[in-house]
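For reference, the structure is listed below as structure tokens.
Derivation of every value follows stated rules applied to the coordinates shown; laboratory data play no part. Not measured: the values here are computed from a predicted model. Don't worry about glycine lacking a Cβ; one is built from the backbone with ideal geometry, like all the others, and counts go over all protein chains shown.
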Amino acid sequence: MTLPPPPVRPPSDRLPTERELREDLAAAYRLIALFGMTDLVFTHLSVRVPGEGHRFLVNPYGLLFEEVTASSLVLVDAEGEPAQPTTWPVNPAGFVIHSAVHLGRDDAQCVMHTHTLAGMAVAAQQGGLLPLNQMAMEFDGRVAIHDYEGIADEDNLSERERIVRDLGDKPCLILRHHGLLTVGRTVAEAFYWMYYLEQSCRIQLAAQSSGAPLAIPSPDLVRRARAQFDTGPTKGWLPWQALRRKLDREQPDYKS
């Protein structure tokens, strides 16, 4: 197999085009499906589109994540209402959480939300995410918690303010009894946080299910490990290039 040329890292201040964002977001939907992080046709991944006003790309309501393509993504406004002609419905109620975070955080260009077994199980635990492994240590001080208020929909719009308040400036949020949420300056960054937050939750459940006493490292060691992870403006960019190449080989229709 001939190796591809090494990817060239773009300038951190370059704004992606809508087409590039569509391909990145469609790739993220396919990868969430590939790694077993879907909930049938529910939950959303969204990304802000450059330009005036608040416009975002989100999945058509009713498609499986494995069916999403770049052209099928729907442009919506801040209320989750279509801002383009579409033959598929969108789910404004399901966009409530996303719109809150997008509007409340300038750096939340991409927002991802999942209802996974591991994520929801950890969201049901009083202690939240524990620093039981190197992956989880990167999340020390980077995971906020929002208490459950019922199904997030337009009947409880005041919850938006509390979600933004609880998230603060962190990249990750555990929604009690609900699931996981991550934000990023890019699709790549939001996916990086989601992938490793999910992995950390899976590892935690595996360690707890063994019945053996859990070894919790000291706070100083956890902080040292966290500091060793890179958090620059292109967080997650390198593995994202590899994942896009994988999709280009195996599911090239995501770009269509």
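The set of residues in the range 113-148 that are more than 17 Å from Val164 (Cα to Cα) and among the charged types (D, E, K, R) comprises Glu138, Asp140. Checked against (1) surrounded by 12 or more Cβ atoms within 10 Å (Cβ to Cβ); (2) of a type in the set (Asp, Glu); (3) without any contact (Cβ under 8 Å) to a residue 40 or more places away in the chain, Asp220 passes all but a single condition, namely (1). Just to be sure before I move on: is Gln208 without any contact (Cβ under 8 Å) to a residue 12 or more places away in the chain, surrounded by 15 or more Cβ atoms within 10 Å (Cβ to Cβ) and under 15 Å from Gly128 (Cβ atoms) in the structure I sent? Judged against the criteria, Gln208 is a match. crowded, with 17+ Cβ neighbours inside 10 Å, within 30 Å of Ser209 (Cβ to Cβ), of a type in the set (Val, Ile, Thr) and in contact with a Ser or Thr (Cβ under 6 Å, 6 or more places away or on another chain) - does that describe any residue in the range 133-151? Checking the range 133-151: not a single residue is crowded, with 17+ Cβ neighbours inside 10 Å, within 30 Å of Ser209 (Cβ to Cβ), of a type in the set (Val, Ile, Thr) and in contact with a Ser or Thr (Cβ under 6 Å, 6 or more places away or on another chain).
Being under 24 Å from Asp248 (Cα atoms) and either exposed (fewer than 13 other Cβ atoms within 10 Å of the Cβ) or within 19 Å of the chain's Cα centre (by Cα) (or both) holds for only one residue in Pro6, Pro85, Pro92, Pro50, and it is Pro6.
Within the range 121-145, being among the hydrophobic types (A, V, I, L, M, F, W, C) and either within 18 Å of His98 (Cβ to Cβ) or outside any loop (DSSP other than H, G, I, E, B) (or both) holds for Ala121, Val122, Ala123, Met135, Ala136, Met137, Val143, Ala144, Ile145.
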